[in-house]
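What follows is a short report on a single structure.
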Amino acid sequence: MEKILILLVLFFSNWHSIFLFSVATTYSGICVFLDFKDHVKHIEKGVNSKEPHFVLRVLRSLSSTRKKLNHPLLRKLITGYFVQASQAKHELLKFLDEPMETDVLTVYRPRTGKAAATPVLPEVEFYFHLLVVIHLIDTKAYEKALKCSTLLLQKSELHNRRTLDLILAKCFFYHSRTYELLERLDEIRSFFHSKLRTATLRHNIEGQATLLNLLLRNYLHYNLYDQADKLVSKSSFPDTASNSEWARYLYYTGIIKAKQLEYSEAHKNLIQAIRKAPQFSAVGFRQI
């Protein structure tokens with residue numbers, strides 16, 4: 001009798017633990033979808049109001065957002081937001097694993113009514129496309145990430161929207177990152193030079209700052225200090241660029257000056273880079 005009671009206690013305690021785990025997992029999943037719904041709302045608000053800080057808020061959370069990404073989540077987001085006939089939807093799903101049976105049964109529908117039949121804004125489409133690129137990089141699927149990123153930048157040629165500037169700057173960064181991880185960074189140099197000229201002509205501040213830094217990183221990766229210095233002398237870094245881009249630029253120019261034995265100038269640039277860098281989230285950068 002005692003053994004039966006013990007078994008019953010163990011059974012119900014295990015069942016209770018499983019139930020609590022299931023509830024916690026479900027709640028966590030709902031919270032993640034609500035986060036992405038907020039991201040989409042912020043992007044749409046930024047586009048409609050022409051206020052870039054709404055989009056910037058979403059992009060600043062990428063470091064935490066990327067930790068939540070997985071193939072089932074991305075599939076549900078893409079199938080939930082994109083209309084059925086969307087070519088972009090089918091293109092993106094090709095880069096993700098096929099869904100499991102349990103994933104097929106659960107459908108995510110964040111848009112209802114007329115909105116469900118309306119294509120998403122290009123800014124929202126590019127954001128989800130960027131998330132797929134980032135997740136492919138994080139899962140070390142570098143070749144797929146490169147194809148996905150290349151497709152994204154090809155699409156950008158079809159749009160001339162200033163509201164895409166901030167998102168495209170991030171796209172350029174991760175496009176460069178895929179080439180770097182594949183040890184093919186030299187192949188992207190001429191492309192970035194072309195994009196830098198376009199960004200400068202269009203007064204795209206964030207794109208200009210990002211592309212200039214990516215080119216400097218590219219040159220320094222191959223120890224091409226003279227070419228990097230020539231680029232700095234012929235370019236003008238935008239004064240209103242973000243602190244993170246300023247920190248990178250000052251760091252790269254500090255290295256260039258140090259290699260040219262201009263130590264006082266190098267020291268000044270590196271100190272300024274440290275001051276521009278985030279105080280808590282850039283520990284590795286500050287240690288360098």
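The values are calculated or read from the model by the stated rules, or taken from the named source; none is laboratory data. Every value quoted in this text rests on a predicted model; they were computed, and no experiment measured them. Here the Cβ is made from the backbone with ideal geometry for all residues, glycine too, and neighbour counts use every protein chain on show.
Can you name the number of the only condition in (1) within 23 Å of GLN154 (Cβ to Cβ); (2) at pLDDT 90 or above that ASN48 fails?
(1) is the only condition that ASN48 fails.
Read through the list (1) over 26 Å from THR163 (Cα atoms); (2) modelled with pLDDT of 55 or more, then give the number of the only condition that LEU20 fails.
Just one mismatch for LEU20, condition (2).
If SER244 meets every condition in (1) farther than 22 Å from LEU59 by Cα; (2) at pLDDT below 95 apart from one, which number is that one?
All conditions are met except number (1).
Here is a yes/no grid of residues against (1) small (Gly, Ala, Ser); (2) farther than 19 Å from SER156 by Cβ:
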position: ASP38; (1), (2): no, yes
position: LYS41; (1), (2): no, yes
position: PHE54; (1), (2): no, yes
position: ARG57; (1), (2): no, yes
position: SER63; (1), (2): yes, yes
position: LYS68; (1), (2): no, yes
position: LYS76; (1), (2): no, yes
position: THR79; (1), (2): no, yes
position: SER86; (1), (2): yes, no
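When only residues in the range 82-115 that are modelled with pLDDT under 80 and not in a loop (DSSP other than H, G, I, E, B) count, which is surrounded by the most Cβ atoms within 10 Å (Cβ to Cβ)?
Within the range 82-115, the match that is surrounded by the most Cβ atoms within 10 Å (Cβ to Cβ) is ASP103.
Which of the residues that make up the range 140-160 are within 22 Å of GLU44 (Cβ to Cβ) and in contact (Cβ under 8 Å) with a residue 60 or more places away in the chain?
Residue satisfying the conditions is LYS155 alone.
Quick one: ILE134 ticks every box in (1) farther than 30 Å from PHE82 by Cα; (2) touching a Lys or Arg at 6+ places or on another chain (Cβ under 7 Å) except a single one, so which number is it?
(1)
Quick one: how many residues across the range 41-81 are more than 19 Å from PRO122 (Cα to Cα), surrounded by fewer than 13 Cβ atoms within 10 Å (Cβ to Cβ) and touching a residue at least 40 places away in the same chain (Cβ under 8 Å)?
Residues meeting the conditions: 1.
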